[in-house]
Amino acid sequence: MTYLEMIKSQPQHKLALVTDDKSYTYGELAARAEELLKNSTESGPVIFIHEEKIADQLLKFLAYSGSSIVPIIATEASKKQEFQLENIPESACMGVMTSGSTGKSKLLWRSYHSWADFFPEQNRVFGIDETTVIFCQGSLAFTGNLNIYMGVLSAGATLVVTEKFRPKHWLKLIEEQGVNALYLIPSKLLLLPRFLKQPNVNIRHIVSGSQTMGRIEADKLLEVFPNTEITLYYGASELNYITYIKDSSMTEDRTDIGLPFQGVKVEIRGEEIFIDNNCHVEGITMPFSLKDRGYLDEYGHLHFLGRTDDIISVNGLKISSVKVETALRELPGIVEAAVLSIHQGDADVLTAFLSTEGSMEQEGIALNAEMAESTLAKLAEAPVKNMSSVELIRLLKAGFLETYEIPHRFIFLPELPKNESGKIDKKNLLLQAELV
């Protein structure tokens with residue numbers, strides 16, 4: 001089986017994909033993909049897909065995923081990189097890319113079965129079936145987007161998608177196309193209540209990941225989507241979905257990322273998380289560590305404590321950046337937080353980057369992966385600072401941080417820059433710190 005054959009196995013008249021300017025049935029997707037492959041002059045062994053439009057990315061991916069040429073939807077960062085393309089596994093039907101906080105992409109190989117065999121389980125948890133009409137935003141270079149597309153199409157459901165970062169436009173598409181499910185990272189989801197004039201009772205499921213979410217954020221979404229069930233997942237490009245938590249189980253403890261999916265085993269060695277499953281990239285052995293830290297509570301829920309490399313050194317003292325960032329996000333008015341140790345003069349300065357509720361997103365402008373560099377300067381001029389450093393330090397001292405864990409410098413931005421996976425781009429923040 002290939003992804004193109006999967007598309008051809010669905011009812012061909014069924015609406016599969018709706019974009020800003022065109023719609024495709026399953027039959028039209030298959031026909032266009034077959035035509036692309038027939039007219040191709042590519043000789044392999046891989047093809048890097050650089051198209052900007054989601055439909056073009058998807059069609060090329062479908063065309064080549066069942067051929068002798070392995071498709072790779074390129075991340076923005078990868079366009080300036082060179083990759084070793086020897087020893088591609090025979091089972092590989094695609095290459096996928098990671099994009100962590102360093103801004104450098106890593107190329108991994110996947111077989112068809114490493115995703116497809118897990119689709120029934122992820123669709124069960126996410127509430128996706130043939131009646132689903134799901135809204136998604138952003139490039140398929142983000143592996144999470146590509147995976148959810150394939151999972152939705154395997155169920156014979158309908159995708160409504162856009163490249164545009166415009167919440168008002170999202171809501172228009174959601175209403176016009178009868179959308180009943182959403183797939184967005186938390187920071188994008190939480191833009192919708194700002195622009196939604198009245199509650200949407202048609203959304204049945206919200207699927208989200210790549211960022212944390214707690215009780216407060218879930219309640220904000222449930223106010224405007226009262227009939228929905230929210231599922232927050234924890235996963236990785238090297239593996240697949242690992243754990244999930246529903247809104248009914250969310251508390252103020254944002255470290256709780258829920259129970260393992262069926263077929264996934266989670267083990268803790270020291271504080272390091274090891275995962276064992278049958279759905280992973282080629283060339284790794286199980287159990288596998290993502291270098292994440294955590295623990296299992298008495299109910300079997302996994303708690304995420306950050307990465308092993310999230311321990312930063314500040315003048316010889318070891319500090320958990322996740323602990324400090326969590327404390328900052330719990331302060332009133334703080335939406336996003338990231339901390340870095342920045343060397344200035346003869347000392348390290350623990351620096352916090354913050355965005356606040358006072359920063360209303362400008363329509364059509366946002367710090368996502370595609371626009372971060374070009375819009376950073378414009379957005380930095382916006383009047384978002386609504387809490388002084390003295391006030392922040394006073395509040396942090398009243399919390400659970402040690403004196404040496406409290407940042408000495410605070411930089412306010414309307415939005416913190418993100419990479420393709422929606423994670424905070426700390427390399428970009430380092431550049432921003434030099435400009436302030």
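A few points about this structure:
- Between Phe48 and Met1, the FRET efficiency from the beta-carbon distance, with R0 = 22 Å, is close to 0.35.
- Net charge of Cβ neighbours under 14 Å - reference Val207; Lys, Arg +1; Asp, Glu -1: 0
- Inter-label distance for Ala433 and Glu298, nm, one decimal - labels placed 7 Å from Cα along Cα-to-Cβ: 4.1
- Segments 152-163, 5-16 sorted - mean Cβ within 10 Å per residue, highest first: 152-163, 5-16
- Only Cα pairs under 8 Å and 6+ residues apart enter the sum, and on that basis the relative contact order of region 118-230 stands at 25 percent.
- Of all aspartates and glutamates in the structure, the ones whose alpha carbon falls short of 17 Å from that of Lys168, not counting any fewer than 8 places away in one chain, are Asp20, Asp21, Glu176, Glu361, Glu363.
- With a threshold of 29 Å on the Cα-Cα distance, the over-threshold entries among Lys79/Lys164; Lys79/Lys220; Lys60/Lys106; Lys22/Lys188 are Lys79/Lys220.
- Three-way shape label, region 132-232, alpha-carbon gyration tensor, a/c 1.5: rounded
- Extension gain (nm, one decimal) between Asp117 and Lys220, 0.36 nm per residue minus Cα-Cα: 33.6 nm
- Given the alternatives (1) 19.7; (2) 22.4; (3) 21.2, mean projected area of the Cα convex hull in nm² as computed for this entry is given by (3).
- Electrostatic tally near Gly316: other residues with Cβ closer than 15 Å to its Cβ, Lys and Arg +1, Asp and Glu -1, net -3.
- Net charge in the neighbourhood of Ser23 (other residues with Cβ under 15 Å of its Cβ; Lys, Arg +1, Asp, Glu -1) is -1.
- Efficiency of FRET between Asp21 and Lys246 - r from beta-carbon atoms, R0 30 angstrom, step 0.05: 0.25
- Residue-span extension gain [Ser389 to Asp56] - 0.36 nm each, minus C-alpha spacing: 115.2 nm
- Computing FRET efficiency as 1/(1 + (r/R0)^6) for Asp276 and Lys79, where r is the C-beta to C-beta distance and R0 is 45 Å, gives about 0.85.
- Cross-linked pairs Lys291/Lys426; Lys197/Lys427; Lys323/Lys427; Lys246/Lys423; Lys265/Lys418: Cα-Cα separations exceed 28 Å for Lys197/Lys427; Lys265/Lys418.
Quick note: the coordinates plus some simple rules give every number you see, no bench work behind them. Small disclaimer: the values here were computed from a predicted structure and weren't measured. We place every Cβ from the backbone using ideal geometry, glycine too, and count neighbours over all the protein chains shown.
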